[in-house]
1. Please give the contour-minus-distance gain from ARG166 to ARG405: 0.36 nm per residue of separation, less the Cα-Cα distance, rounded to one decimal in nm.
2. Taking the dipole about the Cα centre of region 356-416, with the C-beta of Lys and Arg at +1 and of Asp and Glu at -1, give me whichever of SER383, CYS406, PHE370 is farthest to the positive side.
3. About the Cα centre, and with charges only on the beta carbon of Lys, Arg (+1) and Asp, Glu (-1), how big is the dipole of region 13-168? Nearest 20 debye, please.
4. Mind grabbing the accessible area of LYS91 for me, 1.4 Å probe, Å², rounded to tens?
5. First compute the accessible area of the chain with a 1.4 Å probe, then give the percent of it belonging to carbon and sulfur atoms.
6. Restricted to Cα positions, what overall size does the chain have along the principal axes? Three whole-Å values, descending.
7. Please give the net charge around GLU79, taking every other residue with its beta carbon less than 11 angstrom from that of GLU79, where Lys and Arg add +1 and Asp and Glu add -1.
8. Using a 1.4 angstrom probe, figure out how much accessible area the chain has per residue, in square angstrom, rounded to the nearest whole.
Amino acid sequence: MKSSLPSSQPAKSSGAPESVPLLDLRRQYNEIREEVLAAIARVCDSQSFILGPEVEALEREIAALTGAASAVGCASGTEALWLALVAAGVKPGDSVITTAFSFFASASAIVRAGATPVFVDVDPGTLNLDAALVERLLQTKRPENLRAILPVHLYGQCADMDAFDRIVREDVKEDVNKDTKEHAPKFGVSIVEDAAQAIGAEWRGRGAGSLGVTAAFSFYPTKNLSAYGDAGIVTTTSPEMAEHMRQLRNHGSPRRYYHHEFGWNGRMDGIQAAVLRVKLKHIADWNESRRQHAAMYDQLFAASGLRASLHSDPSNAPVRLLARTPQAKHVFHQYVIRAQRRDELRKFLAERKIGSEIYYPLPLHLQPVFAYLGLKAGDMPVSEQAAGEVLALPMFPELTEAEIRCVVESIAEFYS
Ligand SMILES: Cc1ncc(COP(=O)(O)O)c(C=O)c1O
């Protein structure tokens, strides 16, 4: 935690904060301002604004951080998801299994690749894609032309990658053709990670981004590692897929004005890469601060008498915490509670100038744009219940202990 109080953080004379923002990027900026401005000036001096040396250096650094073979910088996390899916072989007519409880892009990228999202409900503890339900679906009603499984590392905690690895490995490569009784080859199923919220996260010591064939990260300004605009990156364990994605992000063009396939303009700006490289040096410390803040929240909730519990949550507890998976090193992109009377609590906090947010108020299978899939309320009960209960509390590296105490005390006051 940082010793000096940033100017953007108002404090009462008693020391209790007057407000607690959900996220205050100005505090981070105050600490790295000179470095960031110098990095931006470096790009302006070079006049190399799109791709170029800064993007290439960032790609090498992100590959090293995640343990992936290669990384490919692009315009956004959404673009990264599309590249990750297409490089993994997803094509029109395919199906991709994903979670019903995520940001819209996890599913819209599947549609943009020409495929059909197959939504599966989430684990009630972690709210990550439920591997047992995915396994059951494969055994009972295997989606046609299944090409990939896209787990999302929600809120910064990896989905159960042991289970998804096993599912993909055990997924038989041969299928008995019902008419001829002959074995017909099945489509190979790949794991594509949506690691948009999980830079620096790990599963059994392996970095998010190296756990599937491809993985997408977002550098949207609210993310743990954030650009000064839109940006994203794809990592991959396959250098061939990296080459394909470099081509795809640049109009399917291996060399200027020669086009081998329909790609798109999905390139990353040099200025974004330069800013990200400054911040990358701090990401391990920032993620560690987030973990410390989460531990303090946990501790204060446990002591608050709200009967919040990490493991055996009685359903009538006013506040319940999400489960932590021991194999996962969490980076707490968000610190999320499940709260009774959530919307009233949120209003109460807002009146006390305490920021909070709902990620996400409507599960993906109930979004109007996915009505064509024919799913209805009740089909994904865990996601639907979570959508009515989740509340993200202030979480960013520079958050102070006084602010965390203020948040928990205010929540305790609401339920008293
Ligand atoms: C889980 C998830 N997937 C994908 C995205 C898309 O990233 P971007 O906003 O950079 O396009 C985001 C972030 O907004 C996200 O949280």
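The values are calculated or read from the model by the stated rules, or taken from the named source; none is laboratory data. Note that the structure is a prediction, hence the values are computed from the model and not measured. Methodologically, a virtual Cβ is constructed for each residue, glycine included, from the backbone with ideal geometry; neighbour enumeration extends over all protein chains shown. These accessible areas exclude ligands, DNA and RNA; they are computed on the full protein's heavy atoms, side chains included. Shrake-Rupley method; radii C 1.70, N 1.55, O 1.52, S 1.80 Å.
1. Numbers: separation 239, 0.36 × 239 = 86.04 nm, distance 4.19 nm.
Separation in residues times 0.36 nm, less the Cα-Cα distance, equals 81.9 nm.
2. PHE370
3. Details: 12 positive and 20 negative charges, 103 e Å.
Dipole magnitude for region 13-168 comes out near 500 debye.
4. Ignoring ligands and nucleic acids, LYS91 comes out at about 80 Å².
5. Working: 9620 of 18200 Å².
C and S atoms contribute 53 percent here.
6. Here the spans come out as 77, 58, 37 Å, largest first.
7. On the way: positive: ARG112, ARG249, ARG267; negative: ASP230.
Charge balance near GLU79 sits at +2.
8. Details: 18200 Å² over 416 residues.
With all protein chains present, the chain gives 44 Å² per residue.
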